[in-house]
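Input: a single structure, listed below in C-alpha cells.
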C-alpha cells in the first residue's frame, strides 16, 4: 500500500464466531456507518443477488477500520453495492463497482446519483474481462463476493493479488473456508482473519509487502 492510504493493521488472526444470518436478497440495503449512515438503498430482484448482511459488514469494517479516508477500493462482483457504498460512506477516496447484470448496474448508477457519490464509478460487464484491463497495484482494498455456484474463487483471488497494493487488503466471501494445501490463495496474499455467518465464510487477506517474512 502506498503512503496515500494506510489501512490499520489487522486484528490478531483467528476465526470469529458470527451468528447465522439470512442470505436472501432484501428490497433494500442499509448503510451502517459513515456520512450516509442509516441510508437505505434499493436492491433489484436479480437471480443470485445476496447482499452482505449488516452484521457481516460491521465485522468487516471493524477489521479494516472505521475511517477509510484516502483508500481506493474495488468491488469486482458489486451486486447491491453494499460493500462499495459502505466504503465510500466511510471516506474512501475512490470506489470502483463492477457488475455484469445490466439492470443491477443501472440501479447502482441510480444510487450513485442519489447519494451524489462522485467518488464511486460503476463499470458494467464481465468481471474478469474488466479486471484484466485494470492496472496492476491500483487498489488498497479489493472486495470479492462471486457467485457461489461458479468456481470463480481461484481466478478472483489471482486478479485481486495483481490489482491490490502491497500491504493492502482483500476481502472474500465463500461457501467454504480457504484453508488447506489446495486452497487457491496466491503466494502474494495471506489470510489474516476468518469468520463464519451461517453457511458463508468470510475472510480478510493481506497483500504481503515485498521483503517481509511470511506469517
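The values are calculated or read from the model by the stated rules, or taken from the named source; none is laboratory data. Everything numeric in this text was worked out from a predicted model, so none of it was measured. Because the Cβ atoms are built from the backbone with ideal geometry, glycine has one as well, and the counts that use them run over all protein chains shown.
Somewhere in region 42-54, is a residue touching a residue at least 60 places away in the same chain (Cβ under 8 Å), assigned to a strand (DSSP E or B), within 17 Å of the chain's Cα centre (by Cα) and on the phi < 0 side of the Ramachandran plot? No, there is no match, as no residue in region 42-54 is touching a residue at least 60 places away in the same chain (Cβ under 8 Å), assigned to a strand (DSSP E or B), within 17 Å of the chain's Cα centre (by Cα) and on the phi < 0 side of the Ramachandran plot. Among the residues of region 118-141, those identified as closer than 18 Å to residue 41 by Cα and surrounded by 21 or more Cβ atoms within 10 Å (Cβ to Cβ) are 120, 122. Residues that are crowded, with 17+ Cβ neighbours inside 10 Å and free of Cβ contacts under 8 Å to residues at least 60 places away in the same chain were ranked within region 165-187; the one that is farthest from residue 146 (Cα to Cα) is 186. Checking each residue in region 32-41 for being in contact with a strand residue (DSSP E or B) (Cβ under 7 Å, 6 or more places away or on another chain) and either buried (at least 19 other Cβ atoms within 10 Å of the Cβ) or part of a helix (DSSP H, G or I) (or both) picks out only 41. On the stretch given as region 57-78, residues that are modelled with pLDDT under 95 and crowded, with 24+ Cβ neighbours inside 10 Å total 0.
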